[in-house]
Every structure is written in structure tokens, then in C-alpha cells.
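Notes for the one structure printed next.
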Amino acid sequence: MSEPITSIAADGQKTVELTARHKVEGMRLDQYLVGLFPDYSRSVVRRVIDAGGVLVNDRPGKASYRVRYDDRVKITLPAPMHDLPVPEDIPLSILYEDEYLAVINKPHDMVVHPAKGHWSGTLANALQYHFSQLSHLNGEYRPGIVHRLDRDTSGVILVAKDEATHRDLSMQFETRKIFKEYRAITQGVLDRDSDYIEARIGRHPTDRIKMAALDPDEEDEGKDACSYYEVIERFKGYTFCRIFPRTGRTHQIRVHLASVGCPVLADKIYSGRDVLRLSDLVPNLEPADDEVLLARQALHAARLRFFHPRRGQTIEAEAPLPPEFQRTLAALRQHRPPR
């Protein structure tokens, strides 16, 4: 069976039959299926497996089963519980656009695609309104989405308008040929002017919403990850830096910076605080003079450089630092200059 065979029942249930290829050999069955069906959460896929809804070579599969080349997999998925993303007139800052793709400057506090608790107001909803054609290679819930940024991370994100362009761009991400530069303000001072942070990343053992840098000797299913940073400016207790992720793991930059004692500022999950006020920098400040400088994690996808698969040229897009970054840096320069 070279191509998946899909059938949809009257009640909306979807049954898919497919054959595993070489590149997925050794992957856990649940991870394999989550990657194949991004419109369904990991928990939904696990429930389907546990209920006997996945057959591997005509026998019920287990979540921990290691997929083998040429395995015949059949899965019956429930009908989607929510409608597909509807077009919403949400303003977008478009950094580059042609008939094949677009580059967007995503604002902070915007979820990339619909998910639990965020079925509207997402980037996907905005894309549906602004563009007449979008790739559906990653499923109908993620129209045009080639990669993702965390909700509170602002900056450059790439959108594909057709499947062929999407496939080529995804391969560039997979083979690490796309240049990515982030800017961050950290809570804590990075002691080296530049360095690599290399630490495997996996699920946190006790907190399901967190990732963690794993002990090198610990046996876990974490993935190798590497980030390179350069210090731009130091302050008393804070650092402004560039980060160049060499891999693309979930929460990679946030986890890596936290692992060296300098979490991203105002990153509640990894730093324990979600806001920076002027009174945090100025002792004995009068309450009337206080103000919020930053109410989101100080992480910004500043630059993206990639090879345009249809035009045969290199495209580089840059998203300027958001106002709250500039406001925070101005306050740090004034009130927390380096020693």
C-alpha cells in the first residue's frame, strides 16, 4: 500500500489504512500517529489506541509498540469535535508575500492554530481571511502552517500557500537549512559572551505542560537539542541576547536558557513570574510611578532566512523588536546598567 487509504463514515468517523516507511522505523506507535494526524491531540490518539481502535498487522496495537518498516496500520479516528477554522478579520503584519508563500510577523498572545481553549482568534483564523489559497499538508486545522511559535513568542513565521511549497519548506526545517535568529531578555546574567547549550529535551517528569533538559546519563526518550547564543548587552541581573537554535524542539530556547540559570524574563512556566514592573528595577518606587514594562515572555523570533523553492533565491525576513521589548531595554539601561 503506497498511499494511505481513507474512508469516512456517515457519523464522521475516519478510518485510515497505511504502511509504515523506513524513516519512522523504531518510533513509538502513539508518537507516529500523532505526527500523522496533527488535528487530533496526543490524548485523543492514546484513547483510540487503548480502546482497540488501532490495528498493526491486523492485531490491536499498544501505544509503546515500536513501529517497523512495512507494518500495516489501520486507525479509526472519531469525528472532529469542532468546526474547522473560520476566516476572521484579524490584522496581520505581512513581511513578505508572493503567490507561493508569505512571511508573517506574529504578535504575542496569538495561538498559531486552533486547539483546546483556543478555537478562534488564532493565526489560522486570520490566514483563512487574508489568503484565498493555503496549503493543507498539515491538516485542515493548520492551513498554511509550516512551523509554529509559542503563543507568547512574537516574530517571524512562515506560511505556505500550496502543498508542493509546503513540502519543500518543511524539508528545509527538517534538514536544518533554515536560519533562525531569536532575541531574548533573560532573568539572570549569562557569564560567557557566546556559547553552545547542548542538552537533550524531553517531557518534564511531573509537570505535563513543561519540557525539561535531561540528565545526559538518564535513560529517556528525549531528543538531542542545541542552541547557540551571543550576548548583546548585560545589565545588573539581566541579559539581552541573540539565540540561534540549531534544532527545533518544543520550548527549546526557553528550556535551554533556564537550564543555565538564565530563564527567559517573564516566562511564567520556566522563570516563575509572568510580568516585569518598573518597581522590580527601582527600589522604593512610589506606587503612582509604577508601571508594567513587560507582561509576556521576552522571546522574539527576529529573523528567518530560507531558500525559496519556487523562485530559486534566498529570502530573509526580519521582524522589528516589539514596543514592550524596547520599553524594557530602555528601563534596564537606565536603572540596571552593568557594574
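Would you please put 200-206, 281-287, 27-33 in order of how densely packed they are, using the mean number of other Cβ atoms within 10 angstrom per residue and starting with the highest?
Ranking, from highest mean packing down: 27-33, 200-206, 281-287.
Take the solvent-accessible surface of the protein heavy atoms, probe 1.4 Å, and return the percent of it on the chain that carbon and sulfur atoms account for.
Its accessible area is 46 percent carbon and sulfur atoms.
Using each residue's phi in region 200-205, evaluate 6.51 cos²θ - 1.76 cosθ + 1.60 at θ = phi - 60° and report the 3J(HN,Hα) Karplus result to the nearest Hz, with x for Gly and Pro.
4, 10, x, 5, 5, x
For the cross-link pairs Lys14/Lys210; Lys62/Lys223; Lys14/Lys62; Lys62/Lys106; Lys62/Lys177; Lys106/Lys223, which exceed 29 Å when the distance is taken from alpha carbon to alpha carbon?
Pairs exceeding the cut-off: Lys14/Lys210; Lys62/Lys106; Lys62/Lys177.
Give me the distance between the Cα centres of region 222-280 and region 2-76, rounded to whole Å.
A separation of 36 Å, based on Cα centres.
When ligands, DNA and RNA are left out and all protein chains stay put, how many square angstrom of accessible area per residue does the chain have with a 1.4 Å probe?
Per-residue accessible area for the chain comes out at 52 Å².
Largest first, what is the accessible-area ranking of Lys62, Lys14 with a 1.4 Å probe?
So, going from the largest accessible area down, we get Lys62, Lys14.
Is it possible to state the helix-based mean residue ellipticity at 222 nm for the chain, with each DSSP H run of 4+ residues giving -39500 (n - 2.57), the sum divided by total residues, to the nearest 500 deg cm²/dmol? What is it?
Numbers: 7 runs with 62 residues, N = 339.
That comes out to -5000 deg cm²/dmol.
So how much slack lies between Ser64 and Ser120, counting 0.36 nm per residue of separation and subtracting their Cα-Cα distance, in nm?
Working: separation 56, 0.36 × 56 = 20.16 nm, distance 3.39 nm.
That pair, Ser64 and Ser120, stretches by 16.8 nm at full extension.
Using only Cα atoms and rounding to the nearest 10 degrees, what angle (0 to 90) does helix 323-335 make with the longest principal axis of the chain?
So the inclination is approximately 30 degrees.
Quick one: accessible surface of Glu88, probe radius 1.4 Å, all protein chains present, in square angstrom to the nearest 10.
Accessible surface of Glu88 is approximately 40 Å².
Show log10 I(q)/I(0) for the chain at q = 0.07, 0.09, 0.11, 0.13 Å⁻¹, two decimals, from a solvent-free Debye sum over equal Cα scatterers.
Taken in order of the listed q values, log10 I(q)/I(0) reads -0.34, -0.56, -0.83, -1.12.
In whole Å, how far is the Cα centre of region 288-323 from that of region 168-217?
17
The values are calculated or read from the model by the stated rules, or taken from the named source; none is laboratory data. Predicted model only: the values in this text are computed from it and were never measured. Virtual Cβ from ideal backbone geometry, glycine too; neighbours counted across all protein chains shown. For the accessible areas, the whole protein counts, side chains as well, though only heavy atoms, and no ligand, DNA or RNA atoms are used. Shrake-Rupley method; radii C 1.70, N 1.55, O 1.52, S 1.80 Å.
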